[in-house]
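Input: a single structure, listed below in structure tokens.
What follows draws every value from the coordinates through simple rules; no lab data is involved. Quantities reported herein were computed from a predicted structural model and do not represent experimental measurements. Cβ sites come from the backbone with ideal geometry, for glycine too, and all protein chains shown count toward neighbours.
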Amino acid sequence: MRAQKFYTTMLIIPIKEGDTIEKALKKYKKKFEKVGILKQIRDKMFYKKPSERKKEIINRAIIREKIRRSELEI
């Protein structure tokens, strides 16, 4: 079994003078979620065949469509 390589991006958070560590952490967490690094890492942990990826995309689209239709009925 070969070791997998993970390529991550470095997040740069601008901090103003006088900002507390808590505020900086809050900014970091928000940016971390927005960029989606954790999702990228989880997606790259295991190889997925292209057909499996297409199936996931189609299933997500179906779910979104069902939610949108149920919102329109209400």
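Descriptive notes on the structure:
- Secondary-structure-derived ellipticity at 222 nm for the chain, considering helices only, amounts to -21000 deg cm²/dmol, per-run term -39500 (n - 2.57) for DSSP H runs with n ≥ 4.
- For percent of Cα pairs over 19 Å apart, the candidate list reads (1) 29; (2) 48; (3) 62; the entry that matches the value derived from this model is (3).
- For the chain, the residue among 10, 61, 28 whose Cα projects farthest onto the positive side of the dipole built from Cβ charges is 61.
- Exposure rule at most 10 other beta-carbon atoms within 10 Å, DSSP loop trypsin sites (Lys or Arg not before Pro): the chain longest free segment: 17-74
- 19 Å Cα-Cα reach of residue 29 towards lysines, excluding residues that sit fewer than 8 places from it in its own chain: 16, 39
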